[in-house]
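> Quick one: the structure is below, and I'll ask about it shortly.
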Amino acid sequence: MYYNWKENTNTEELKVVCNLIKNGEIVIFPTETVYGIGANAFDEKAVGKIFMAKGRPSNNPLIVHIADKQKIYEIAKDITEVEQKLIDHFMPGPFTLILKKTDKIPNIVSAGLDTVGIRMPDNVIARGIITFSGVPIAAPSANVSGKPSGTMVEDIRRELEGKVSAIVDGGESQIGLESTVVKVIDEIPCILRPGAITPEQIEEVIGIVDFGNGIFAPVEEDEKVESPGVKYKHYAPNKPAQLVYSEDEKDLIFGINRMIKELKGDVVVLGFDEHKEQIVVSEHRFICLGSKDNLKEIAQNIYSALRKSDELLGELVIIEGVKRDGLGIAIMNRLLRSCGYNYWEF
Ligand code: AMP
Ligand code: MG
């Protein structure tokens, strides 16, 4: 069933959706980061349906979503002072903390790890569904594994309809990128996946942060990683893609135009609004990412733009990158991964 709650949450329909969760079904719902496919985190069979619907490898763990901070102490244990500080500062919000799990969380959720990722969304619809379902909700991003995450229902409806019991439409995701994932190791917060909560913001609270591997460079097959998700292809369009960047705008545009010429114009460009007139490609092959100075807008548009590129013809998708600073770190992480780390700096 499709439910349109873009304007208002319908309370009768909310009951129906929460009953589906209670009865072991899976549901697509909005959050402020991206759309999720959720199931009762305590119900192994229901969680199994998520892995089936997405085609997600069983060794890639799910994040558990809560609406009440007290729930953390039911599903996680041995919480340290640093971890508590992070909870106090960044929840609710686009922030996931990896904590030692209790036996209440089944192994299928944590992919056999002794830890669990916990997030408290800051979105009324998500919080309503979690609260009235009465259980924590395990939910990965709503997309077939490997594809860009869903930031609006129109983008994911075709690929997931029929695989889930309900789709709740809350309009376009406010942030558009998945949460910042943090694990505290030896009292230092380690960013396993960058997101809208920036390293600078965490540094302000704790003093120092570290980074996991796989953020700006690919990890080797046999390399040990803290976050299993970094091993998998993700956010990728169907065509080969090339990420390009330069500190100098003129060099960047010159480089892109040279690439377009070499490929006789048979490309799709994901570029900034300001460059539309300067990049020499036919108008319908240029997809706007937003203004070059508005990282929030770019973050919000990335996944939808990547999906639009699938609908166009072209040998290559050329994507303009941003400076790796603040929110730009998360943007570049997703773009690098969507390009399979094909990156040129002019
Ligand atoms: P998604 O659900 O698609 O947003 O991806 C969730 C991300 O969080 C994946 O990259 C996982 O590897 C990571 N994650 C979830 N649970 C854990 C955990 N217990 N330890 C480390 N990383 C985790
Ligand atoms: Mg995902």
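> Among the residues of segment 190-213, is there at least one that is among the small types (Gly, Ala, Ser), over 13 Å from the mean Cα position of the chain (by Cα) and closer than 23 Å to CYS339 by Cα?
Within segment 190-213, one or more residues are among the small types (Gly, Ala, Ser), over 13 Å from the mean Cα position of the chain (by Cα) and closer than 23 Å to CYS339 by Cα.
> Then there's this: Having 2 or more residues that are crowded, with 19+ Cβ neighbours inside 10 Å and touching a Ser or Thr at 6+ places or on another chain (Cβ under 7 Å) is the bar; report the strands (runs of 3 or more DSSP E) wholly within segment 123-212 that clear it.
Here the list reads 180-185, 188-193.
> Next up: Can you tell me which residue is surrounded by the fewest Cβ atoms within 10 Å (Cβ to Cβ) among those in segment 112-122 that are in a loop (DSSP other than H, G, I, E, B) and over 16 Å from the mean Cα position of the chain (by Cα)?
ASP114
> Just checking, how many residues over segment 299-346 are within 27 Å of GLN201 (Cβ to Cβ) and either among the β-branched types (Val, Ile, Thr) or assigned to a helix (DSSP H, G or I) (or both)?
Selection size over segment 299-346: 22.
> Between a first residue in segment 271-295 that is in a strand (DSSP E or B) and a second residue that is charged (D, E, K, R), which pairs have beta carbons less than 6 Å apart while being 6 or more apart in sequence or on different chains?
GLY271/GLU320; PHE272/LYS292; PHE272/GLU320; PHE286/LYS276; ILE287/LYS308; CYS288/ASP273; GLY290/GLU297
> Right, next: VAL116: of a type outside the set (S, T, N, Q), in contact with a strand residue (DSSP E or B) (Cβ under 9 Å, 6 or more places away or on another chain) and more than 16 Å from ligand 2 (Cβ to nearest atom), yes or no?
yes
> Next question, about the same structure. From (1) closer than 27 Å to LEU327 by Cα; (2) crowded, with 19+ Cβ neighbours inside 10 Å; (3) within 9 Å of ligand 1 (Cβ to nearest atom), pick out the condition that doesn't hold for GLY93.
Status for GLY93: all satisfied but (3).
> Does at least one position in segment 226-243 carry a residue that is in contact (Cβ under 8 Å) with a residue 40 or more places away in the chain, among the hydrophobic types (A, V, I, L, M, F, W, C) and not in a loop (DSSP other than H, G, I, E, B)?
Checked segment 226-243: at least one residue is in contact (Cβ under 8 Å) with a residue 40 or more places away in the chain, among the hydrophobic types (A, V, I, L, M, F, W, C) and not in a loop (DSSP other than H, G, I, E, B).
> In segment 1-40, which residues are among the hydroxyl-bearing types (Ser, Thr, Tyr) and more than 26 Å from LEU177 (Cα to Cα)?
Across segment 1-40, the qualifying residue is only THR11.
> Could you pull out the residue among SER282, SER338, SER291 that is touching a strand residue (DSSP E or B) at 6+ places or on another chain (Cβ under 7 Å), modelled with pLDDT under 95 and hydroxyl-bearing (Ser, Thr, Tyr)?
SER338
> Inside segment 47-59, can you point out the residues that are at pLDDT below 95 and either surrounded by 19 or more Cβ atoms within 10 Å (Cβ to Cβ) or under 16 Å from the mean Cα position of the chain (by Cα) (or both)?
Within segment 47-59, just ARG56 meets the criteria.
> If I filter segment 57-68 down to residues being touching a helix residue (DSSP H, G or I) at 6+ places or on another chain (Cβ under 7 Å) and of a type outside the set (Ser, Thr, Tyr), which single residue comes out as farthest from ligand 2 (Cβ to nearest atom)?
Only one residue tops the list, namely ALA67.
> For segment 109-144, name all the residues that are closer than 18 Å to PHE42 by Cα and more than 10 Å from ligand 1 (Cβ to nearest atom).
MET120, ALA126, ARG127, ILE129, ILE130, THR131, PHE132, SER133, GLY134, VAL135, PRO136, ILE137
> Could you check segment 225-255 and list, in sequence order, the residues that are among the basic types (Lys, Arg), more than 16 Å from ligand 1 (Cβ to nearest atom) and surrounded by 15 or more Cβ atoms within 10 Å (Cβ to Cβ)?
LYS239
> Looking only at segment 58-72, decide whether some residue is of a type outside the set (Lys, Arg) and part of a helix (DSSP H, G or I).
So far as segment 58-72 goes, yes, one or more of its residues are of a type outside the set (Lys, Arg) and part of a helix (DSSP H, G or I).
The values are calculated or read from the model by the stated rules, or taken from the named source; none is laboratory data. Predicted model only: the values in this text are computed from it and were never measured. Virtual Cβ from ideal backbone geometry, glycine too; neighbours counted across all protein chains shown.
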